[in-house]
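**Q** Have a look at this one before I ask anything.
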Amino acid sequence: MEDAAQEKQIHVTIQGAAQESKFTESAGKAIGNQQSSVPLLNQHKRWLLMALFALLVLFGQSAATLLGRLYYVKGGNSKWLSAFLQVAGFPILLPFLYNTKNRKNNSTEQTKPPSPIFTPFIVNSLVLLTTSSALLVLQNDDSSGSSKSSKGKYIIGFICTLLAAALCSLILSLTQFAINKILKRQRVKELFDFLIYESLVASCILLIGLFASGEWKTLTAEMNKFALGKTSYTMTLMWIAVCWQIFSIGIVGLILKVSSLFANVISTLGLPIVPILAVFMFKDKMSGVKAVAMLLAIWGFISYIYQHYLDDLESKSRKKDVSSNEISLIQN
């Protein structure tokens, strides 16, 4: 009787251990599945946001540049006003900022994206995009009357273009520094705060320049002489300001989610789009240089995106290894 009771107790103990082992294993699998699904959703969301911000940059930059050309072609002449319009559209962001402040936001502070490493694919992308931009600068487009310009003015224009590109890259890098070091938190509210305050300061400085230069005195005559009429003049200026704000949202969003280098890549990708669209809008001459520049820009963009794809695969592999180690620890 005692041997039978002892044998039954041992059997119950083994059965309980087996059930506990099964429960631990199932719990480990459930935790592993939950941990693997969350990064996957985050990765998909990140790629969607990257695509959205990139589209905003390309659309805003192309539309604003074409409208700016329309302004000058039809009789506009104010350089200070043109610069002012690039930042003056920030009031349209105020309703969005108001909504973000009133909405309860329980999201935690986002992790800062890693600094880009200059891999062969990224270097290849930068070389191709730089070559694409250089082709657009060096081309001799007879349709725009560039052949009539003197050689000295052409060299000055080329140098100014290079300096402007370097300054734009510096501004994007400083913007990323401000976001990472000064703002600390990287959420939607901080994005709109940054854009509004930055644009407000720039608008005040450019307004001072507009009045100090005396160009404001000629704006009424400029509007009256505008080839498309007063209403079209006002609408053109308004949409230029709106499109530049769309561009600003996209560029800061890319810096926020990826890096200033990626934002610069997308902005450079948009440069060859404008001459292609100008062929249809302003009846410019389509040249082989424009087509080659566009193809090089697309090739450079694909090279950069492919490097991001490889980085994501490596990140997923590391997270999968960490999850496997955690499951094995739980099972043990």
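**Q** Can you work out ³J(HN,Hα) from phi for every residue in the stretch 64-73, in order, using Karplus 6.51 cos²θ - 1.76 cosθ + 1.60 and θ = phi - 60°, giving whole Hz and x for Gly and Pro?
**A** 5, 5, 5, 5, x, 5, 4, 4, 6, 5
**Q** Output wanted: per-residue J couplings in Hz (rounded whole) for the stretch 162-172, from phi through Karplus 6.51 cos²θ - 1.76 cosθ + 1.60, θ = phi - 60°, x for Gly and Pro.
**A** 5, 5, 5, 5, 5, 5, 4, 5, 5, 4, 5
**Q** Still on this model: Based on the mean of other beta carbon atoms within 10 Å per residue, what is the order of 121-128, 90-97, most packed first?
**A** By packing density, highest mean first, the sequence is 121-128, 90-97.
**Q** List L167, L271 from most exposed to least, where exposure is judged by having the fewest other Cβ atoms within 10 Å.
**A** Sorted ascending by nearby Cβ count, the order is L167, L271.
**Q** Taking 0.36 nm per residue of sequence separation and subtracting the Cα-Cα distance, how much length would be gained by fully extending the chain between F96 and L277, in nm to one decimal?
**A** Contour length minus Cα-Cα distance gives 62.1 nm.
**Q** So how much slack lies between W216 and F118, counting 0.36 nm per residue of separation and subtracting their Cα-Cα distance, in nm?
**A** Roughly 30.6 nm would be gained on extension.
**Q** Using the basic label-point model (7 angstrom from Cα toward the beta carbon), what is the A291 to A202 distance in nanometres?
**A** Calculated label separation equals 3.6 nm.
We did not get these values from a lab; they are worked out from the coordinates using the rules stated. Just so it is clear, the model here is predicted, and its values are computed rather than measured. For neighbour counting, all protein chains shown are included, and Cβ atoms are generated from backbone atoms with ideal geometry for every residue, glycine included.
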